[in-house]
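J.: Please read through the structure below; I'll follow up with questions.
The values are calculated or read from the model by the stated rules, or taken from the named source; none is laboratory data. This structure is a prediction, so every number in the text was calculated from the model and none was measured. Cβ placement follows ideal geometry from the backbone for every residue including glycine, while neighbour counts extend to all protein chains displayed. Accessible surface is based on the protein model in full, side chains and every heavy atom, while ligands, DNA and RNA are left aside. Shrake-Rupley method; radii C 1.70, N 1.55, O 1.52, S 1.80 Å.
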Amino acid sequence: MAFGRLGPADILERHSFMEPTHEPESLSPPQIAAIRRSMTSGRMALTRRGLLRAGGAGAFAIGGLGALSGCGIPPAGRAEADNASEDHSDDERRVNFSNWTEYMDVTDDNKHRPTLEEFRRRTGITVKYTEDINDNVEFFGKIKPQLAAGQDTGRDLICVTDWLAGRMIRLGWMQQLDASNLPHAYTNLGKGFRDPDWDPGRAHSYPWTGIPAVIAYNKKATGDRKVTSVSQLLEDPKLKGRVGMLTEMRDTVGLTLLDMGKRPETVTADEYDAAIARLQKAADRGQIRRFTGNDYTGDLSSGDLAACVAWAGDLIQLQADNPEIEFTIPEAGYMISTDNLLIPSKARHKKNAERLIDYYYEPKVAAKIAAYINYVCPVDGVRAELAKIDKDLANNPLIIPDDEMVAKSHAFRLLSSKEETAFEDKFAKLTGV
């Protein structure tokens, strides 16, 4: 099983689904539509927790879509041997790190980032930390020209979602990591994260966090009845018209596939079509109230939605605000994706970046990040350290999954560009988005 923010992907699938290496990388209209869903209402949009911390304001640039839809990536990736450049880490004691908003601990006055400052004190390496990743596609459009030209992007470390990480690795634009600089990361990486199909053995990446999609329900709205399966969401007459499903294709279809006894890791076109047909039947009957992005949180809290598919990071905040909110890990399993740390080709400070990755795999440091961002922590041994900060968080399976929950995690397989177009087109017709 593999743990992580899913986005629209036109990435190559390995093994039996392998396509020629140098396929064009332009985006089709269904892929662009999926990206717009994610950027405006899906997980790429500012979360409720982020809105609270940002004072209710947030805006994302979407100009990158035009560039990406209008021109493809060069068909041939660069060989990995060409990616390395002279490492200036020993002479230039710094590292440039690009990350998502709300993904790093900060003091209440927003003036200090404690873990980054501790890293500088310990190593003498200064981190230039920039929150310039608002969504995967926009960021990819920002760094693509330099990567394609074999130039330094000005970034030594980036954090992107698994679908984009896999694409850039396949194109030869990310550097292979030196395990000798990553002793904590190698030792403490959770077993559920160790071997994603898009980066076997984690040769190029380490996860920053995992993001599960599970079932949530409002006890008051269900009359204290538990909601434990996708079958119940789609077929229980007592929930009719009060069910929410997500506009993220991999989460909604992936959970439906699992409920049907199928594996998202190996889904075929026929199995996908069967899942879409099942969802369409429920929508036509009026069972599903609507397909939502992260705006489901208000409806779930108020009871307008009795039950829905939800993201773990939202649920922790929702439960803190409303004790009626519960979640369920379906017996059939749940979906998870990852946001991942990678070093771009031609980065000037590779060893410094690797040392920073390794630092965040020390359990004491990882606990501070987990306590702040409230997503699944990929670091083994973090529970005891997190308990020193907040015992409730340390015992929350949405942050530190137990072995039983890890065993139920599933990831949607990587899709070719042709598959991505077909799958997203069918899903868009279902959701009407």
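J.: Restricting to segment 144-183, name every residue that is in a helix (DSSP H, G or I) and crowded, with 21+ Cβ neighbours inside 10 Å.
T.: Result: K144, L147, D162, W163, L164, A165, G166, R167, M168, I169.
J.: Could I ask something else about it? Determine whether segment 225-242 contains at least one residue that is crowded, with 24+ Cβ neighbours inside 10 Å and assigned to a helix (DSSP H, G or I).
T.: Yes.
J.: Okay, next question. Could you tell me whether L341 is within 17 Å of the chain's Cα centre (by Cα), crowded, with 23+ Cβ neighbours inside 10 Å and either outside the structural domain of D199 (by the TED database) or in a strand (DSSP E or B) (or both)?
T.: Yes; evaluated as a whole, the condition is true for this residue.
J.: Moving on. Please go through segment 297-311 and pick out each residue that is open to solvent by less than 30 Å² (accessible area, probe 1.4 Å) and closer than 18 Å to Q232 by Cα.
T.: Those that are open to solvent by less than 30 Å² (accessible area, probe 1.4 Å) and closer than 18 Å to Q232 by Cα: L300, G303, L305, A306, A307, C308, V309, A310.
J.: For segment 184-213, which positions are aliphatic (A, V, I, L, M) and open to solvent by less than 10 Å² (accessible area, probe 1.4 Å)?
T.: A185, L189, I211, A213, listed by residue number.
J.: Continuing with the same structure: Within segment 124-143, restricting attention to residues that are open to solvent by 20 Å² or more (accessible area, probe 1.4 Å) and assigned to a helix (DSSP H, G or I), which residue is modelled with the lowest pLDDT?
T.: E138
J.: A further question on this structure: So, in segment 386-433, of the ones that are of a type in the set (D, E) and open to solvent by 20 Å² or more (accessible area, probe 1.4 Å), which residue ends up farthest from G192 (Cα to Cα)?
T.: Within segment 386-433, the match that is farthest from G192 (Cα to Cα) is D425.
Residue-wise test of (1) crowded, with 24+ Cβ neighbours inside 10 Å; (2) among the hydrophobic types (A, V, I, L, M, F, W, C); (3) assigned to a strand (DSSP E or B).
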{"site": "G313", "(1), (2), (3)": "yes, no, no"}
{"site": "Q317", "(1), (2), (3)": "no, no, no"}
{"site": "A332", "(1), (2), (3)": "no, yes, no"}
{"site": "S337", "(1), (2), (3)": "yes, no, yes"}
{"site": "R348", "(1), (2), (3)": "no, no, no"}
{"site": "R355", "(1), (2), (3)": "no, no, no"}
{"site": "V365", "(1), (2), (3)": "no, yes, no"}
{"site": "A371", "(1), (2), (3)": "no, yes, no"}
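J.: What single numbered condition from (1) among the aliphatic types (A, V, I, L, M); (2) under 19 Å from H349 (Cα atoms); (3) touching a strand residue (DSSP E or B) at 6+ places or on another chain (Cβ under 8 Å) fails to hold for A203?
T.: A203 satisfies every listed condition except (3).
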